[in-house]
Amino acid sequence: MYQDSYQPKLRFYWGGKMTPVVRALLIINGAVFLGQLLANSVLPPHTLERLFGLSIEHFRPWQLITSAFLHSTGDIFHIGFNMLWLWMLGKDVERTIRTKKFLILYLAGGAVSGLCWMAICAIRHTPNVTAIGASGAVFAILVAYAVLFPDRRFWFFKARYFVIGLIVIEVLMSVFGSKDGVAHVAHVGGAAFGFLLFKGAPVWQNFTAKMRERKRKRRHLEEVRVRTRVDALLDKINKSGLDSLSGKEKAFLKKAGRRFK
């Protein structure tokens, strides 16, 4: 779908010049993190996390978006790694797919990952747990990068294999119920969304095209059937007059007349 016009000679490429959405997201995430630190010093601990983090027990629709801009204030690596990946990979992805689609990728990736996490919480009967972080959105960007630039190097690995390896680890951690406090299933959900957005589009377009063609053929066959019956009834009228038609036949002709009017 997209051509990789730049093939870096280095083993790792840092994304080049800053792009508008990546810059804005870095600033917003950083500002929100500072706001969390400030709020925790003047308000009851984790007030913002309870209001804007994602949970089943206190769910509000906006939490699907706002939770992706909150991070753990007790672990600087949480926001650090998320913003590092966003900065390293997001710029090339944004330049390739353009600003609007990149923003959709980030926000929708975070929302879909949140929905996947909520589904697992419902299955495991843990409604009082709160999830925060941009990891689901970042995993959507990781997959997008691997799809767009599969042969670029992540140190010793090509992008496609590096990202596949990360996802396999996340799936295993999700299946075996890791106790590290990380919502691994949200990462998998974000990755799945990123894959479907880029690889699923052609499949969906092909499916919808086939459905439209089937619908067109059904309409054509129905039209031929109706016209054939109309012709037969008109012949009957010519031979025997209008009174020779039954009530149902007259109703059919009237309905067909409105249809072809």
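The values are calculated or read from the model by the stated rules, or taken from the named source; none is laboratory data. All values reported here derive from a predicted model rather than from experimental measurement. So basically every Cβ, Gly included, is an ideal-geometry build from the backbone, and we count neighbours across all protein chains shown.
What to note about this one:
Residues are listed down the side, and each one gets a yes or a no for (1) modelled with pLDDT of 95 or more; (2) in contact with a Cys (Cβ under 8 Å, 6 or more places away or on another chain); (3) of a type outside the set (Val, Ile, Thr):
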site: Ser5; (1), (2), (3): no, no, yes
site: Gly16; (1), (2), (3): no, no, yes
site: Leu25; (1), (2), (3): yes, no, yes
site: Leu48; (1), (2), (3): no, no, yes
site: Ile56; (1), (2), (3): no, yes, no
site: Pro61; (1), (2), (3): no, no, yes
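- Look at the stretch 110-134: where a residue is closer than 30 Å to Trp87 by Cα and a partner is in a loop (DSSP other than H, G, I, E, B) and among the hydrophobic types (A, V, I, L, M, F, W, C), sitting 6+ places away or on another chain with Cβ atoms under 6 Å, you get Trp117/Ala183; Met118/Ile56; Ala131/Ala183; Ile132/Leu70.
- Qualifying residue in the stretch 152-166 (condition: within 27 Å of Ala122 (Cα to Cα), modelled with pLDDT under 85 and of a type in the set (A, V, I, L, M, F, W, C)): no
- Qualifying residue in the stretch 164-181 (condition: of a type outside the set (S, T, N, Q) and crowded, with 24+ Cβ neighbours inside 10 Å): no
- Some residue of the stretch 60-71 being in contact with a helix residue (DSSP H, G or I) (Cβ under 7 Å, 6 or more places away or on another chain), assigned by TED's automatic domain parsing to the domain that holds Leu26 and more than 19 Å from Val185 (Cα to Cα): no
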